[in-house]
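The values are calculated or read from the model by the stated rules, or taken from the named source; none is laboratory data. All figures in this text were calculated on a predicted structure; none of them were measured in a lab. Cβ placement follows ideal geometry from the backbone for every residue including glycine, while neighbour counts extend to all protein chains displayed. Just the protein is used for accessible areas: all its heavy atoms, side chains included, with ligands, DNA and RNA removed. Shrake-Rupley method; radii C 1.70, N 1.55, O 1.52, S 1.80 Å.
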Amino acid sequence: MTQDGVAQRLFVALDFPDFDRAVELARQLAPLGVRFKAGLELFCRVGPQGVVELQGVTGPLLLDLKLHDIPRTVERSVRAVAALGAWGVTLHATGGPVMLSAGVAAAAAAAAQGWAGTDGRLRCLAVTVLTSLDEQLLHVLGVHVPLREQVRRLADLALAAGCDGVVASPEEARLVRDATSPSFLVVTPGIRPAGSAWGDQARVATPQAAVEAGADCLVVGRPVTESPDPVGAIRAILEEMADVP
Ligand code: C5P
């Protein structure tokens with residue numbers, strides 16, 4: 001795979017409390033060809049107009065809003081996100097099949113009507129089991145099936161609802177890859193280069209292990225955003241990804 005191809009598979013999470021810091025890092029890293037993700041923290045700070053402005057630097061963003069509501073609300077929210085010209089949006093698969101289908105229908109309608117902004121189409125990615133959860137925490141939530149089984153179940157729901165892919169941990173990437181179609185995107189946060197701190201993440205892997213497990217796209221935050229040398233950190237991750245045959 002070309003260096004450009006590898007870089008397009010890496011999303012940097014711009015988890016910052018303000019616009020200026022997000023733009024500063026994006027300006028440093030954009031020349032490397034990586035993509036960017038904006039999550040709830042930044043969205044709540046800068047709002048939709050900030051997202052549009054930020055996309056002038058980052059290109060179409062993965063908006064990690066983790067929508068989880070009644071189908072009508074999700075449908076209308078996805079429509080609003082599509083109009084921002086984002087690359088993709090996340091929805092919680094536990095919102096259920098009707099909610100997921102409503103989101104997918106809204107994204108398709110926006111694309112058909114030419115409202116989907118810069119990238120032409122908004123991808124709907126279903127979040128399976130958060131990478132911060134482990135088997136024990138899942139049980140606390142009243143889910144009494146093994147974590148991998150729950151991820152598999154939610155991935156099946158997302159595929160059936162027409163989602164473009166799922167967000168899962170690298171530990172389940174192979175399971176989801178094998179259970180779905182090749183074009184179904186497997187996006188994995190919980191990326192930790194060897195020696196970096198886990199923070200609040202519970203299910204993690206190195207960039208190399210995530211790619212080997214079949215992840216299409218990797219999401220990395222703190223190992224880059226908290227690094228004294230973010231460009232060097234990204235280069236090292238891209239090299240690791242490119243080394244996987
Ligand atoms: O800093 P770190 O690399 O842990 O950042 C991971 C990013 O991916 C965060 O923005 C987090 O919100 C997001 N994410 C996640 N687990 C999911 C879905 C999204 O960690 N299941």
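What number of residues in region 1-50 are acidic (D, E) and touching a helix residue (DSSP H, G or I) at 6+ places or on another chain (Cβ under 9 Å)? Don't jump to the end; show me each part of the working.
Keep residues of region 1-50 that are acidic (D, E), which gives 4, 15, 18, 20, 24, 41.
When the remaining residues are screened for being touching a helix residue (DSSP H, G or I) at 6+ places or on another chain (Cβ under 9 Å), the result is 15, 18.
Total satisfying the criteria: 2.
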Picking from L122, L185, the residue that is touching a Gly at 6+ places or on another chain (Cβ under 9 Å), away from the ligand (no atom under 16 Å from the Cβ) and of a type in the set (A, V, I, L, M, F, W, C) would be L122
Within region 221-237, restricting to residues that are in contact with a Pro (Cβ under 8 Å, 6 or more places away or on another chain) and in a helix (DSSP H, G or I), the one that is most open to solvent (accessible area, probe 1.4 Å) is A236
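Of these, A205, A197, A209, which one is farther than 23 Å from C124 by Cβ, near the ligand (Cβ under 10 Å from one of its atoms) and either open to solvent by 10 Å² or more (accessible area, probe 1.4 Å) or out of contact with any helix residue (DSSP H, G or I) (no Cβ under 8 Å at 6 or more places or on another chain) (or both)? Steps first, answer last, please.
Numbers: A205 fails: near the ligand (Cβ under 10 Å from one of its atoms); A209 fails: near the ligand (Cβ under 10 Å from one of its atoms).
A197 is the lone residue from the list that is farther than 23 Å from C124 by Cβ, near the ligand (Cβ under 10 Å from one of its atoms) and either open to solvent by 10 Å² or more (accessible area, probe 1.4 Å) or out of contact with any helix residue (DSSP H, G or I) (no Cβ under 8 Å at 6 or more places or on another chain) (or both).
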Restricted to region 129-145 and to residues being within 15 Å of the ligand (Cβ to nearest atom) and of a type outside the set (V, I, T), the residue nearest to W198 (Cα to Cα) is S132
For T73, indicate whether it is without any contact (Cβ under 8 Å) to a residue 60 or more places away in the chain, buried (at least 23 other Cβ atoms within 10 Å of the Cβ) and farther than 17 Å from A158 by Cβ.
no
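Kindly indicate whether P245 is open to solvent by 20 Å² or more (accessible area, probe 1.4 Å), within 14 Å of F11 (Cα to Cα) and out of contact with any Leu (no Cβ under 8 Å at 6 or more places or on another chain).
Details: open to solvent by 20 Å² or more (accessible area, probe 1.4 Å): yes; within 14 Å of F11 (Cα to Cα): no; out of contact with any Leu (no Cβ under 8 Å at 6 or more places or on another chain): yes.
Judged against the criteria, P245 is not a match.
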### Task
With respect to G50, determine if the residue is at pLDDT 95 or above, more than 16 Å from the ligand (Cβ to nearest atom) and either within 19 Å of S227 (Cβ to Cβ) or out of contact with any Lys or Arg (no Cβ under 8 Å at 6 or more places or on another chain) (or both).
yes
Of A26, A7, A82, A30, the only residue that is among the small types (G, A, S), surrounded by 15 or more Cβ atoms within 10 Å (Cβ to Cβ) and within 15 Å of the ligand (Cβ to nearest atom) is A26
Residue set D119, D164, D178; condition of a type in the set (D, E, K, R) and exposed (fewer than 14 other Cβ atoms within 10 Å of the Cβ); output residue D178
By my count, strands (runs of 3 or more DSSP E) wholly in region 155-220 with at least 1 residues that are polar (S, T, N, Q), at pLDDT 95 or above and touching a strand residue (DSSP E or B) at 6+ places or on another chain (Cβ under 6 Å) are 185-188
